[in-house]
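The values are calculated or read from the model by the stated rules, or taken from the named source; none is laboratory data. Predicted model, so just to flag it, every value in this text is computed and none were measured. Quick reminder, even Gly has a Cβ in these numbers, built from the backbone with ideal geometry, and neighbours come from all protein chains shown.
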Amino acid sequence: MRLEEYWGVGPKTRALLTEQLGVEAAVRAIESADLRTLVDAGLSRGRATRILRHARGEDGLAILATRDARNVYKRLLDVASDYALTREAADRISLLTPLSDRAEMEARLDRVREARESRDRLDEVTREAVLAAFEEYDSVDGGDLASVRAAAAISSAGATAGVFAPLADLDDRTLADAADALAALEDGGVAAGADDRLDDLRDQLGALEDAAGNAADIVESVQAEVRGADGFREAFAREVVDRTGVDLAAVRNAMAPDAADATDFVTETLRALADDRRSAVETRAAEVRADLEATVEESRETIDAAVAAVDDIAFGLSLARFAANFDLVRPSFVDDREVLAVENARNLSLSAAGEAVQPVTYAVGDHGLPAVPQPPSGDRVAVLTGANSGGKTTLLETLCEVSLLAQMGLPVPADRAELSLVDAVVFHRRHASFNAGVLESTLRSVVPPVCDAGRTLMLVDEFEAITEPGSAADLLHGLVTLTVDRGALGVFVTHLADDLEPLPETARTDGIFAEGLDPDLELIVDYQPRFDTVGRSTPEFIVSRLVANATDREERAGFETLAEAVGQEAVQRTLADARWAGD
């Protein structure tokens, strides 16, 4: 396959990958989703990630029909990746895409459930041992040796059931031998400790090289003890044996026969001994290396199984940690109707940021969740109205998160969730721009998906913010009508509910209500939407706070004029209620 056939690989990227990896290796890295290799070759992490996502899940990525939907998808992966046990697991999580096949979703959900149950069954000691094994694995940046050691450590800790079951099939003795062989070969040579004879030869070579560097001192030391050539030779031989551990016969055999003087004799003898030991080291190292490589080859099946098992276990446990931290639950899929229903759903992005999150129960379409109110007439489309800062946009984002996580085969942030699968998620946040270009680009992004064949989820926030109010109401009514006519699911946040009446059948208006001010003059909002009810922004609450907080006389007079406009009696009642609540 040519590199250019992959999404995102243009001439520059092809040239870089070809130069750094070669075409075959680059194709292999893309096909195996080897993010690390592509990054090491010089691609930015973001670009490499996008290439691999498209290579692995092109159909699933088509579900992300708008930029805002794609942003939610990326944030979800960022949050999940924070719970990865290893860098490889984080890479795998970052490459997850929505799936187009329900069986694949169910299979991934099964794996996450199994990993979570396996993790929960571990006692504290075993769990700590497993975590330590992965910390050690990650500290050396993975590889065959790290995988074999992690597999052995996890297995010896007693974790061999559930997601750990593949480790039970690995022979402990083979793992140990493979670990020893891989460790000995790790640096491209034969490591110290792999063979006693080789270690001795290396020690002797090092000592001989040191002695050769001090030939003059040796000559002086020996001459001070003996007289005559023969005596010098024997004393020198014993000195070398003491210094290097080389056997006496070898020293005698290496003695230079034609040296001009004592210094030449010592220097040439030590050089000959060093050359001999260097040759012996090379020969012995080659023999040991051949034996080690044979051990690795004989253990290759076990090594490969350990690599795959450790990678899968780390990936599964990482998703289990993510699910456990946010109390995520398995969603229920339905095929016979369009529905998205959640009980006590929580915004994952806010939760991950440490924000306090009020769970919300909501639904569009007929559902089977007993604790969730049934929408009137099973309405599949809702117009959501209500107070500013009332959580409407957050609810849209939460519904988007639930839908995308479910279609990635991951549990969702709710007590219960029921949904039908969709072919496109159209999420459009409110953008503070007001011109024809923004209006056109918005319509181009939100209209085509709902017109295509297939199921669509429309989540549109304050469409009126990008055009003049009169036209906005007409266009928004058209979007709601189009969503109904196409049989799609939809929630549209707006402050123009009154201007949209009458709504099409199977569409309704829901409301979120502000209920007053607390003693600190903060707005009290019931974030739980009420079905078939128009929510109100209740501006008197905001004006009441401005009146109460005004310190300048003229400023206060200005706010009191606004209070008369929205209802002086309502403002005074709000202030009285807030003061009473603080007493």
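Yes or no: segment 425-438 includes at least one residue that is under 38 Å from the mean Cα position of the chain (by Cα), at pLDDT 85 or above, crowded, with 21+ Cβ neighbours inside 10 Å and basic (Lys, Arg). No: zero hits. Here THR533 fulfils each of the conditions (1) modelled with pLDDT under 75; (2) within 30 Å of GLY478 (Cβ to Cβ); (3) β-branched (Val, Ile, Thr) apart from (1). Scanning segment 24-44 for residues that are within 13 Å of GLY8 (Cα to Cα) and without any contact (Cβ under 8 Å) to a residue 12 or more places away in the chain turns up just one, SER44. Report every pair of residues separated by at least 6 positions or lying on different chains whose Cβ atoms are under 7 Å apart, first residue within segment 344-364 and in the same structural domain as ASP526 (by TED's automatic domain parsing), second assigned to a loop (DSSP other than H, G, I, E, B) and of a type in the set (Lys, Arg). From residues that are in the same structural domain as ASP526 (by TED's automatic domain parsing), the pairs are VAL357/ARG346; PRO359/ARG346; VAL364/ARG380.
Set side by side, the residues THR86, THR18, THR37, THR66 differ, and just one is over 26 Å from ASN325 (Cα atoms), buried (at least 21 other Cβ atoms within 10 Å of the Cβ) and among the β-branched types (Val, Ile, Thr), which is THR66. Of all the numbered requirements in (1) touching a strand residue (DSSP E or B) at 6+ places or on another chain (Cβ under 9 Å); (2) crowded, with 16+ Cβ neighbours inside 10 Å, GLY162 misses one, and that requirement is (1). Note on segment 320-343: residues that are of a type in the set (Gly, Ala, Ser), under 20 Å from ASP423 (Cα atoms) and surrounded by fewer than 24 Cβ atoms within 10 Å (Cβ to Cβ) total 1. Looking only at residues that are in a loop (DSSP other than H, G, I, E, B), loosely packed, with under 13 Cβ neighbours inside 10 Å and not hydrophobic (A, V, I, L, M, F, W, C) in segment 251-306, which one is modelled with the lowest pLDDT? The selected residue is ASP258.
Among the residues of segment 462-493, just one is surrounded by fewer than 15 Cβ atoms within 10 Å (Cβ to Cβ) and among the hydroxyl-bearing types (Ser, Thr, Tyr), namely SER471.
Yes or no, residue by residue, for (1) touching a Phe, Trp or Tyr at 6+ places or on another chain (Cβ under 8 Å); (2) of a type outside the set (Val, Ile, Thr):
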{"position": "ASP261", "(1), (2)": "no, yes"}
{"position": "VAL288", "(1), (2)": "no, no"}
{"position": "ALA294", "(1), (2)": "no, yes"}
{"position": "ASN325", "(1), (2)": "yes, yes"}
{"position": "LEU328", "(1), (2)": "yes, yes"}
